[in-house]
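Have a look at the structure below, then the notes.
No lab work stands behind these numbers, since they all come straight from the coordinates. These numbers come from a predicted model, not from an experiment. Here the Cβ positions follow ideal geometry from the backbone for every residue, glycine too, while neighbour counts run over all protein chains shown.
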Amino acid sequence: MRLRLPLALAAALAPALFFTAPAQASTLGVDWSHRAHHWANVRVEDHTGVLWPVRASTRSWGSGYRYGACTGYRCVHVYEGDYGPTGWDADTTYTQSGGHFTSMSIRLNRYYGEHYTYSQRLDVIKHELGHGLGLGHDHYHDVMHPSLTGYPQISAYERSELRRLYLR
């Protein structure tokens with residue numbers, strides 16, 4: 001979930017708001033894998049309209065995702081709706097068993113998204129897809145920062161966290 005807070009306020013409240021992820025962050029402690037292999041088998045099924053550039057965002061993660069229809073295991077469903085002034089522009093929820101994801105969905109909030117630029121919407125989705133691979137929030141200047149900060153790059157640190165999570 002990415003909150004809509006001014007950067008200074010988000011930094012001040014970060015310890016209270018984002019207690020589920022350590023300040024240097026990292027992973028959610030959950031992955032898609034039941035054995036060590038590359039994470040490329042995760043598919044993204046896009047249930048959104050034209051507002052959200054889901055397909056372009058999946059490409060940002062390289063081989064981490066495949067775009068298109070999916071059934072069963074290793075599937076992230078992406079939805080959009082006008083959820084109102086919730087304080088979040090996107091939210092990722094998942095179920096897990098034994099430390100492995102069993103299902104996942106991303107909700108994109110049109111209430112905020114329709115006022116964003118294309119680049120901002122792309123960044124929001126990239127961030128949520130990072131959760132979809134198992135990354136938590138971090139407080140570096142990269143895509144997993146918990147607020148919309150204008151740091152759209154997937155960092156070497158985030159990629160190394162994914163390698164640590166999946167290629168053990």
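Structure data summary
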| read-out | value |
| --- | --- |
| Other-chain or far-sequence residues with amide H under 5 Å of His100's (modelled H) | Asp31 |
| Phi to ³J(HN,Hα) by Karplus 6.51 cos²θ - 1.76 cosθ + 1.60 over the stretch 74-81, Hz, x for Gly, Pro | 6, 10, 10, 9, 10, 10, 10, x |
| Distance between modelled label sites at Ser119 and Thr102, nm, 7 Å Cα→Cβ extension | 4.2 nm |
